[in-house]
Each structure stands twice: as C-alpha cells, then as structure tokens.
1. Just give me the residues in segment B:257-314 being surrounded by fewer than 19 Cβ atoms within 10 Å (Cβ to Cβ) and among the charged types (D, E, K, R), in sequence order.
2. Do you know which residues across segment B:47-72 are away from chain A (no Cβ under 14 Å) and either within 18 Å of the chain's Cα centre (by Cα) or at pLDDT 95 or above (or both)?
3. Looking at segment B:208-226 only, could you name the residues that are part of a helix (DSSP H, G or I), surrounded by fewer than 16 Cβ atoms within 10 Å (Cβ to Cβ) and not acidic (Asp, Glu)?
4. Identify, please: which residue in segment A:238-251 is more than 9 Å from every other protein chain (Cβ to nearest Cβ) and in contact with a helix residue (DSSP H, G or I) (Cβ under 6 Å, 6 or more places away or on another chain) and is, among those, modelled with the lowest pLDDT?
5. Given B:Gly203, B:Gly156, B:Gly194, B:Gly182, which one is in contact with a Lys or Arg (Cβ under 7 Å, 6 or more places away or on another chain), of a type outside the set (D, E, K, R) and either within 30 Å of B:Phe85 (Cβ to Cβ) or in contact (Cβ under 8 Å) with a residue 40 or more places away in the chain (or both)?
6. Mind listing whichever residues of segment A:160-219 are basic (Lys, Arg) and within 22 Å of the chain's Cα centre (by Cα)?
7. Restricting to segment B:252-284, what's the tally of residues that are touching a Lys or Arg at 6+ places or on another chain (Cβ under 8 Å) and either β-branched (Val, Ile, Thr) or within 7 Å of chain A (Cβ to nearest Cβ) (or both)?
8. With (1) under 24 Å from A:Tyr59 (Cα atoms); (2) part of a strand (DSSP E or B); (3) of a type in the set (A, V, I, L, M, F, W, C) as the list, and B:Ala262 as the residue in question, which single condition is left unmet?
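The values are calculated or read from the model by the stated rules, or taken from the named source; none is laboratory data. Because the structure is a prediction, the values reported are computed rather than measured. With ideal geometry, Cβ positions are generated from the backbone for all residues, glycine too; neighbour counts draw on all protein chains shown.
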Number of protein chains: 2
Amino acid sequence: MENTQFRLAARPVGLPKDSDWQITKEPVRELADGEVLVKTHYLSLDPAMRGWMNDAKSYIRPVGIGEVMRAGGLGEVIASKSPRFAVGDQVGGGFGVQQYWIGAADDRHAALHKIDTRLAPATTWLNTLGMPGMTAYFGLIEVGMPKAGETVVVSGAAGAVGQTVGQVAKQLGCRVVGIAGGKAKCDWVVNELGFDACIDYKGGDVRSGLKEHCPNGVDVYFDNVGGDILDIVLTRINMKARIVICGAISQYNNTTPVKGPANYLSLLVNRARMEGMVVFDYADRYHVAVAALGKWLQEGKIKSREDVVQGIEKFPQALTMLFEGKNFGKLVLQVA
Amino acid sequence: MENTQFRLAARPVGLPKDSDWQITKEPVRELADGEVLVKTHYLSLDPAMRGWMNDAKSYIRPVGIGEVMRAGGLGEVIASKSPRFAVGDQVGGGFGVQQYWIGAADDRHAALHKIDTRLAPATTWLNTLGMPGMTAYFGLIEVGMPKAGETVVVSGAAGAVGQTVGQVAKQLGCRVVGIAGGKAKCDWVVNELGFDACIDYKGGDVRSGLKEHCPNGVDVYFDNVGGDILDIVLTRINMKARIVICGAISQYNNTTPVKGPANYLSLLVNRARMEGMVVFDYADRYHVAVAALGKWLQEGKIKSREDVVQGIEKFPQALTMLFEGKNFGKLVLQVA
C-alpha cells in the first residue's frame, strides 16, 4: 500500500506556492504493538496552517522542512494493534496531509479520538463539532462574554469559525452582524443562518455598514481577519466592549510587517478589551461544547456548511482558496 | 482683582505652539450665592491634556475654542458664599489654566474637594494622591491584576503615573522593570524608588534590555507611551499577560495616523489581554487608594517626585516638556 504525502519543502514567502511542497510516496509500514493504521477520508484546511509553516515562536511548534504538513482529519481505522481502537472505528485526529496515518493509539500530538457519525455527518466533525466549532464556542462565550441584547459582530462570517460564532450568539439572544466577502455569503448567513445583517466587505463600505446595522454600537467583536476591518470596528465599539482575537487571515501572507490596529486607543477611550484565544486551552471541556452544539444541530437551531474539495492532489490549490476568500463554509479536503 | 487665563485659540496640529493659546485677563467677578472663589496655587500638567485639545469623540468633551484650558489644580478658598467651604480651605478641583476660579461649590465638572496638606504636601495631591496616583493604583491593580512574583513592566517610569505604578507593584511583591528616557531617570527609579531595573530607551536598546531584565518574561505591562515600545514589549509577554493601556504619549502629537501595535497577534499566541482604562471610572473609590497610598507615603515605603515649573506664563512651554520627555517626575505648574 502506498501513502501519498505532502511535505513542507520550503518556508513560503507570502502566499504558499507549489514549490513550497514536496509530494512523497512511501509504502505503509507494518504496525508495532499499540499502533493503529488510519485511512484518511477528510482533512481540515484552516487559516492557522499558514502560521505553522513559518519558522516563528507561536502557540505550536512550526512544521519542519521535510515533515508531513500538519492537518487535522477524519478517517477510519483499517488495522489496529491497540485495544483502544478496532478496525472500522471512525476517528478524528492530527493525521497530516497524507492518505494514511500510522502511530501509537495514545500519540499526544495526534490526539486520536472516536467520532459518532450518527450524531452528525463526518464533515460536520471537522466543522461545527470540530476545532472551528470549539473555537467559536469557547472564544465567543468565555472571551467575548456576550449578554442577551448585546450586539456581536463577527468577521469571516461565512467561514468555519464565523458561521458558528454568529449562530451561537443568536442562540444567546444577541443581535448578530456578520462581515463576509460577496453577496452570496452575506445572503446565506442572513437567510439561512439567521444573522440580523451581514456587511459585504468586497461590495460595500464596512464603515457605513456598521453604522447602519449596529445602531447601538458593538459590544463584542469576534475577529478572524485583522487588518483594516479590525481598525474600522474599533471605531464603533461600546464602553467595556470585548474584542476576541481569534485570527488575522488578512495578514498571514504579508511580506511586509503585520498592520497593527491604528485605532487601538479606542480601547482606552471605551475601557474596552482585546484578548487572544487559542482553542487548545479548552480541550478538557470540548465535550461540553460538542454536547451543546450537537443538540442545536439536531434540533435544527444551527446549521453547518462545508466546502469540500475532492482529491489530496488538490491540497496546495485548496489551501490558497482560504486566503483568497474563495471557500464558502468550512474548507475540507476529501482525500479518497 | 485680575485673572490671567490661558484659552484655547486654535486646535493644534502636532505639538501645541504658542499661537494655539490666547492669554486673556479679566476682572474677578462678584460671587453669587453657593459659589466660591479659589486662588490657584498649582496646576497639574498631564499628557491627557493634548487629547482634550482635539475635536474628537473621547472619554471627555473637547475643550472648546475660546474656552479656558481644562486643568486640575490645587488652591485656597479666598471667598465663599457656600456653607461647604470656608475661607482658608485648601482645595483641589478642575480649576483650568487661570489664576482664579469661580464657580458653584457643587459644580460637577470642577469636583471641588478639600485636601489635607498635613497628610502630604500640596504637590503630592496632584501626584501620588491625585489623578496620576489614582490612575496608577486602579489601573495596575484592577486592570493589570499583578500577582506576587510576577514581572511588571511600566513605561514612562519616572513620570507621574509610572513612578507610582512601579512602587505599588513592588509593594505587591512583583519584580518591577521600568522604561524611561535617560540615565538620571533610570538611576532614580532604581536607586530611590526601588525598581529592580530600568531600561533607558534613549541610551539603550529596549529589546535587549527586556531580555536581560525580564528573564521570566512580562506578565503585566502598564503602557503610558504606545508606539515602538509597546510593540517591543508585545514580543516578550507571557501566557495570559495583561497590558494596561493607560496612554500613548508617543502618539499624541502625531500628524500621521497613530502607529498601531504591529505585534498585536502576540495577544493571540499568548492568550493575553490588552485593556484600556480611564481613571474617572474609579471615582467612587478614590478614597480607598488615597488611604493606601497615603499610608505607604507616611511610612516611607513609597515616594513621590514632582517637577515644578514656576509661573502661569510658562504654561505653553511647560506643557511641551511632557511630550519631549523633559519633565522628571510629575509636572506641576506653580501659578503664584
């Protein structure tokens, strides 16, 4: 059995390009005791991957040159020498961008875990019930701390994290305004997800959109994009507002320094707070979020949308879709 | 009796210049019932005054063109038609840049209050026991939330707020590192105030200074200056660090946009927080801080230093000293 893998060949400058990847094919080796073999079905493509490709101190070790690119995924156990997993188990874990993963059942980095595809389809486990959902749930509730009646603004509103942030905020009784790129995405978050409004940053003016749709100002801003949009929202925040710094996709491929928020002194004037979050901190309570989000999904109160690209060979092109805002919903790579 | 006043003649572009001021002399009028007449002895000169001169939405109404410049001060009641104040009372309040203040004893904006010059000299009431001290005390304790053993860094360390921030942090058992301009200021905060170290941003490299003097990283950064120094400190913060945004004196006279903190994504990586504060929010608890700071002052555990400029006519030049870092300690204008 041959395992096709994407390895990091070079540290990208700006947007990753084909030559930053090396495709290797190696035979799948025999299992040692305690190990399992997983056939990868789906891989999660996330903006954070861009950060892992840089040789910089961050919340996680960079991917080394020559290493298989890190990625979360879903798959099926097709061989097992561990009592913890049986052939046929559907599992999630850090499988990397490859067709097969072999490792110890208790590998700390892979964090192999069974998933229940009766509760939700597999791809939902990479979205609302996976890292993006966990990020949205804990980032909004624990860092954003929205109260019913407050106004929550979320950028990347049709993306993996943004879609759940907005829907959870609606469940909590907030006014929710999204920011997304293009009419189709904006229509979707308003008409399908129930956001109160959505500002099309490609087709309109974010400043006047915020003025129109946040007549009482902004209490919580969940930021996935950084850059100019963060700066504009800073001009509209209320007293004691909370800004959740979840990501800054607009800045990840910069070859010039990151654009800092020039309007950060709005934090002073408004006694407001800007706080970063990393989802891994909440790992011991993922089950709480899965239970809550799973229930809302089953009741039809929230929805999830994935954008599935077929074929592991499409990995480099699919990844760049994220940074060009071309994905519509959580971006997933179907391996098989 | 003639009252010399400094009125705002024009909104400054960049550093305030002489032509931005109009000097007026008007007779002191008769008191109405409920009013008092205060002879101003000292005026507080603060970086925040620069913000009040801009026609921009902020935490306080801008000073209008033609109005007497807003300033906090200390003085003596020399005539009173209010039962609340007697001739000879030493009082603090928002007297403005003028020799005499007349107003209702209960004027909300002036916030007239008696001060006890037996507890501390008058100028200390504009410093450690005045707004700078209140800002330092509540900003550090309530927003910075330092724990014993943590490392606290404060910029503008020899300034009005910074000197008290560092000394209070020492009282709380923290390692304290100041950032100040020039060897004399640095020597003073270390040798006289007991800071563990001080980095001279004019004579040395802040980056390497932080590395040397904060071997365990930075847990709390109390920022009075903004700009490049904020950006450098962001590279050295610890997990769950707290950055108190108290001011940004390096940016107040910008004629170009404010420099936003390019390294703000360090907040994400470190799950850290940046939060603004305005001292007025703590007005109902000033007495708590005055009691604590007053006790430490009397016990000799903390010190206060004021830089007193003589003569109301020196007001414009004295104000610009702040922005050039020429004051050494809390800047005070002695009116009489």
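1. Scanning segment B:257-314 gives B:Lys259, B:Asp281, B:Asp284, B:Arg285, B:Lys295, B:Glu299, B:Lys301, B:Lys303, B:Glu313, B:Lys314.
2. Of segment B:47-72, the ones away from chain A (no Cβ under 14 Å) are B:49, B:53, B:55, B:63-72.
Answer for segment B:47-72, where residues must be away from chain A (no Cβ under 14 Å) and either within 18 Å of the chain's Cα centre (by Cα) or at pLDDT 95 or above (or both): B:Met49, B:Met53, B:Val63, B:Gly64, B:Ile65, B:Gly66, B:Glu67, B:Val68, B:Met69, B:Arg70, B:Ala71, B:Gly72.
3. First, the residues of segment B:208-226 that are part of a helix (DSSP H, G or I): B:208-213.
Now drop any that are not surrounded by fewer than 16 Cβ atoms within 10 Å (Cβ to Cβ), which leaves B:208, B:211-212.
Correct list: B:Ser208, B:Lys211.
4. Only one residue fits best here, namely A:Ser250.
5. Numbers: B:Gly203 fails: either within 30 Å of B:Phe85 (Cβ to Cβ) or in contact (Cβ under 8 Å) with a residue 40 or more places away in the chain (or both); B:Gly156 fails: in contact with a Lys or Arg (Cβ under 7 Å, 6 or more places away or on another chain); B:Gly194 fails: either within 30 Å of B:Phe85 (Cβ to Cβ) or in contact (Cβ under 8 Å) with a residue 40 or more places away in the chain (or both).
Exactly one residue qualifies, and that residue is B:Gly182.
6. Going residue by residue through segment A:160-219, those that are basic (Lys, Arg) are A:170, A:175, A:183, A:185, A:202, A:207, A:211.
Scanning segment A:160-219 gives A:Lys170, A:Lys183, A:Lys185, A:Lys202.
7. Keep residues of segment B:252-284 that are touching a Lys or Arg at 6+ places or on another chain (Cβ under 8 Å), which gives B:252-253, B:260, B:262, B:267, B:269-278, B:281.
Going one step further and asking which of them are either β-branched (Val, Ile, Thr) or within 7 Å of chain A (Cβ to nearest Cβ) (or both), we end up with B:260, B:262, B:267, B:269-278, B:281.
Residues flagged as touching a Lys or Arg at 6+ places or on another chain (Cβ under 8 Å) and either β-branched (Val, Ile, Thr) or within 7 Å of chain A (Cβ to nearest Cβ) (or both) within segment B:252-284 amount to 14.
8. It fails just one condition, (2).
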